[in-house]
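A.B. asks: Before I ask anything, let me first share the structure, which is written out below as structure tokens.
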Amino acid sequence: MSIDDIRSADEETTRSEIGDEPPNDAVEDAPEVTASRRTDVASPVDGISDIRATLDLLERQIVEYRKMLVEHEEAVSVDAEREDETAPPLVELDEEQLGNVAESIADQAAALFAGRSATEEAPEDGAKVVVAEVADGIEAEVVEVAKEPVPAAVEMDVAAVVEIEEVPVEDERLEAPDVDLPELFAELEAQLEKGLHNAASVAVYADGEVLLEYLSAQSGSGVTPTPQPLFRAFSSGKPMAAAAVWRLLDAGVLEIDAPVASYWPEFAQRGKGKVTLRHVLTHTAGLPRDFGRGDVDWGDWGRMSDILASMDLEYEPGEVIHYHAITFGILVAEIAARASGIPFVELFEREVKSPLGLADTSFVIGEEDIEARRRVQPLIAPSGYYDREMPGKMDWLLDNQILSPGASCVTTASDLVRLYSAVCSGGSTIEGENWLSEEAAASVFATHASAYNIEDMSKNRVGQGVWMSDEQPNRFAAPIGSMAFGHGGMATSIAWGDPEFGVCVAIITDTMQDEELNGKRLNRISAAVRWDLGLPVGSVAEF
């Protein structure tokens, strides 16, 4: 029986009321390139393929040298600030290697056209033979970034990681989509040139439809290829997990002010009997910390939930907003599973993923789904990022199929926009199907808690697993008092909706940056969208 069946069978169920809301203002080395020369030309098609492949190799090396140059310039800048006398030397360019590649291209082109002259007969009518331009439709090769090594302790505690053959994705270089978003495209291009990411996917929903699905990448910028590349969403996936709870609340299966222990009796241990679902959704449950557990515990959902149920409270429930980075996902998933009697992954598939058409969203990618695993973009931690092992940790979660709804979501910008558009559209999917009632949709971004965040003392308003902010500048680029709501993902992404204007935006990147720099790039992309669509814009950060 689905949630829709439950709703139909119990139309008279009384749903809990939303409490009074305070006012809005209360709240690597370069890869070696070897160019092999061809002395035979089997056909014009083979010749063009060889030229394309060699051009791609050259392009790859040029990209790597540019990256080295940027890193060198940054190092020089840092050293200058520290008044050091010398700067790290720039890696010497292998000019002979580049010359060999260029010479190979010339040889291949000469062989190609010589082959055509010897084998093709001139048309009888004297019509001119037009040779197709080689530069059009060059296939771009994806530069894979080496995965971080998995710590030895992890290897001992966890089953062996499944080896997946790395297969480069060969998508044609595509032109920018024909939509009038000049500010957005200019900002994406500027950030790409600054080296802030290797690939960034942006989706925009407006006027009742998906206006844009766009991939900005060093291998070529254009409309997002099919199938789309998949990105690690980190905490941008938290609202995806919370969405299962939204459905259960709407159906009357859950009540927002009911104690968590009424659905999960073991949770009442150590004074947690008064923690409610509202506390969980607003990060005021008093259980913000990651908990003591070995790596082996991550693969055992029952063990994880038991550990959480036995934890002590750090704060009195409802008194302090303290972001529940890992515990939020486990709490909402276990509560939803207990209340519905259905394992969380199955529940999410049926009540969120399927009805919203989220073709590319998963919290766990099965070992057998090799195609999806190959599509996952390599996660990059630049030399200055504080945790260079983070890509390896996330690969470990993926390879060992670890369910952690607060961190393990793999998705696309397009799917994130589909979720937010359903809420901003009063509960209707992009296809016009009813998913939530208008009341339930509005409750998602209503203010359920308002206080200073104890971590950074920023003033926040919190909805049902989503955040609203009056801080300036913010990552939605929203002005003070805006109805915009959303959620970010650690060092990589943001997704937000503005129900007042019916606009939803998702920005998701493959490159982690420190929180200050990440906040600026997301703020500027959001602001560019707002300018293009004529929406009010808050403060805009400067790099």
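A.B. asks: Every residue in the stretch 509-536 that is in a loop (DSSP other than H, G, I, E, B) and surrounded by 18 or more Cβ atoms within 10 Å (Cβ to Cβ), please.
C.D. replies: Within the stretch 509-536, D510, M512, Q513, L535 meet the criteria.
A.B. asks: Any residue in the stretch 340-363 that is under 24 Å from E255 (Cβ atoms) sitting within a Cβ distance under 7 Å of a residue that is modelled with pLDDT of 95 or more and open to solvent by 80 Å² or more (accessible area, probe 1.4 Å)? List the pairs, counting only those 6 or more apart or interchain.
C.D. replies: Pairs found: P355/E433.
A.B. asks: Let me ask something else about it. Which strands (runs of 3 or more DSSP E) sit wholly inside the stretch 366-479 and have at least 3 residues that are β-branched (V, I, T) and open to solvent by less than 40 Å² (accessible area, probe 1.4 Å)?
C.D. replies: none
A.B. asks: So G220 passes all but one of these: (1) at pLDDT 95 or above; (2) small (G, A, S); (3) part of a loop (DSSP other than H, G, I, E, B). Which condition number does it fail?
C.D. replies: Every listed condition holds for G220 apart from (1).
A.B. asks: Here are the criteria: (1) in contact with a Pro (Cβ under 8 Å, 6 or more places away or on another chain); (2) at pLDDT 95 or above; (3) not acidic (D, E). Tell me which single one A491 does not satisfy.
C.D. replies: (1)
A.B. asks: Is it the case that E351 is over 16 Å from the mean Cα position of the chain (by Cα) and open to solvent by 40 Å² or more (accessible area, probe 1.4 Å)?
C.D. replies: So E351 does not fit the description; no.
A.B. asks: Still on this structure: Tell me which residues, restricted to the stretch 160-217, are surrounded by fewer than 14 Cβ atoms within 10 Å (Cβ to Cβ) and at pLDDT 85 or above.
C.D. replies: Of everything in the stretch 160-217, those that are surrounded by fewer than 14 Cβ atoms within 10 Å (Cβ to Cβ) and at pLDDT 85 or above turn out to be D180, P182, A186, E189, E193, K194, G208, E209.
A.B. asks: Do the conditions hold for V505, that is, is it out of contact with any helix residue (DSSP H, G or I) (no Cβ under 8 Å at 6 or more places or on another chain), of a type in the set (V, I, T) and under 22 Å from D360 (Cβ atoms)?
C.D. replies: no
A.B. asks: If you go through the stretch 229-263 one residue at a time, how many are in a loop (DSSP other than H, G, I, E, B) and surrounded by fewer than 20 Cβ atoms within 10 Å (Cβ to Cβ)?
C.D. replies: The number of residues fulfilling the criteria is 5.
A.B. asks: Looking only at the stretch 295-320, how many residues end up being surrounded by 18 or more Cβ atoms within 10 Å (Cβ to Cβ) and not in a helix (DSSP H, G or I)?
C.D. replies: 2
A.B. asks: Output yes when any residue across the stretch 321-343 is open to solvent by less than 30 Å² (accessible area, probe 1.4 Å), part of a helix (DSSP H, G or I) and of a type in the set (F, W, Y), and no when none is.
C.D. replies: For the stretch 321-343, residues open to solvent by less than 30 Å² (accessible area, probe 1.4 Å), part of a helix (DSSP H, G or I) and of a type in the set (F, W, Y): present.
The values are calculated or read from the model by the stated rules, or taken from the named source; none is laboratory data. Keep in mind that this is a model prediction, so the values were computed, not measured. Glycine gets a Cβ as well: all are built from the backbone with ideal geometry, and neighbour counts include every protein chain shown. For the accessible areas, the whole protein counts, side chains as well, though only heavy atoms, and no ligand, DNA or RNA atoms are used. Shrake-Rupley method; radii C 1.70, N 1.55, O 1.52, S 1.80 Å.
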